[in-house]
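The values are calculated or read from the model by the stated rules, or taken from the named source; none is laboratory data. From a predicted model like this one, the values you see are computed outputs, not experimental measurements. Please note: Cβ atoms are built from the backbone with ideal geometry, for glycine as well, and neighbour counts cover all protein chains shown.
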Amino acid sequence: MAILSLLVLAAVTLIGVIWIVVFRSVFTVDGLFMSLILLAMSGIVGTTALFELKHRISGAAVAGTSGSSMSAGQMQFPGEIVHRGKVQDVVFYEANVGQPNKSVVTLADGNAPQTLVVEGDLRNALPIGQKVRIILRKEDGQNVLVNLSYS
């Protein structure tokens, strides 16, 4: 549905450019700038639709395996690990100059709590008591946040 709406928006802006060309107002300053703006909008929306289509085609097999049966700590893509649970605590540690700051996140998923050490300040991104799904990636020996969704 999202791809269809993006394609409709791209087509509407192209129709606007055609309208400007048909009525020969493309040679005015208003027509020139309006057609440039509409072409830019059409290009952006059309490119977004193509990327969405590519993502759905290439990610169809992966999306089928990443359903609700995935447990905490299971891999989603190569090098990425998914953690789920309710945020119990987020503690931020500011490091020395040249060292990455870290957040220690405690998640409870019904079993024993999980403790995650993540690069960066996640105090505002992870409200206590909120159920979350965190995707992490190892980068230079540190856990880096890739995606965060609330459930």
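Tell me which residues, restricted to segment 103-127, are among the β-branched types (Val, Ile, Thr), within 22 Å of the chain's Cα centre (by Cα) and either surrounded by fewer than 17 Cβ atoms within 10 Å (Cβ to Cβ) or part of a loop (DSSP other than H, G, I, E, B) (or both). Explain how you work it out, then say what you get.
Quick first cut of segment 103-127, residues among the β-branched types (Val, Ile, Thr) only: 104-106, 115, 117-118.
Imposing the further condition that a residue be within 22 Å of the chain's Cα centre (by Cα) reduces the set to 105, 117-118.
Across segment 103-127, the qualifying residue is only 117.
If you scan segment 1-16, which residues turn out to be at pLDDT below 90 and β-branched (Val, Ile, Thr)? Passing the criteria: only 3.
For segment 93-102, residues that are at pLDDT below 90 and within 24 Å of the chain's Cα centre (by Cα) total 2. If you go through segment 15-53 and keep only what is free of Cβ contacts under 8 Å to residues at least 12 places away in the same chain and polar (S, T, N, Q), you end up with 25, 28, 47.
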